[in-house]
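As structure tokens, the structure follows; a few thoughts come after it.
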């Protein structure tokens, strides 16, 4: 099966790590690279030729709108899916005029973001994640598991799960919390059982909904 190739552009490493874990957990997607600013996003899009660029707006050197516009002016065939916290109609229209194939609000659920990537890659339109996207004939949405929102985690379990979602290794988490690696593993296991998580991607989805991967 040919996998959708996705480039992530966001100026926060923590957010890029979370999005990479989310995308790479899908059987039909793979992250081919990530950029921390708009200029790198344009350069990597031209070098790596992904199917979709997941583009943040507020980035240094070149913002996401300008980066999108530059890619389209250069004739790049890549589809740009914008991640935005701005919901004003005028702002959104500017994104679409710049050449974005669609946009997703940052408050959207992880499953809706994944669905939006598939939609724009297949040539569909995605106006925002709170509306159903325009489906394409060959679109096959992979099933996702969503952790429960009402699990009661202890303070330590929450700390461990937050670090896991951010991409830290067990030894690093143990060092940060001044615990043994075995103890950290125990907290992680307990938290995953309470949340109904089976994979790190499930943990990332939970962290995204809790706002743990949003920049301050």
FRET efficiency estimate (nearest 0.05) - Cβ-Cβ, residue 30 to residue 154, R0 30 angstrom: 0.30
Gain in span if fully extended, residue 170 to residue 85, counting 0.36 nm per residue against the direct Cα distance: 27.4 nm
Mean separation of Cα contacts under 8 Å, 6 or more apart, over the residue count of region 31-71: relative contact order %: 45 percent
Taking region 1-123 and dividing mean pair separation by its residue count, relative contact order in percent (alpha carbons under 8 Å, at least six apart): 23 percent
Gain in span if fully extended, residue 47 to residue 209, counting 0.36 nm per residue against the direct Cα distance: 55.0 nm
Estimated FRET transfer efficiency when R0 is 45 angstrom, pair residue 181-residue 93 (beta carbons, to 0.05): 0.30
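For region 155-210, what's the relative contact order in percent, using C-alpha pairs closer than 8 Å and at least 6 residues apart?
Working: 36 pairs, mean separation 23.2, N = 56.
Relative contact order for region 155-210 comes out at 41 percent.
Where a number appears in this text, it was derived from the coordinates with a stated rule and is not lab data. Everything numeric in this text was worked out from a predicted model, so none of it was measured. Here the Cβ is made from the backbone with ideal geometry for all residues, glycine too, and neighbour counts use every protein chain on show.
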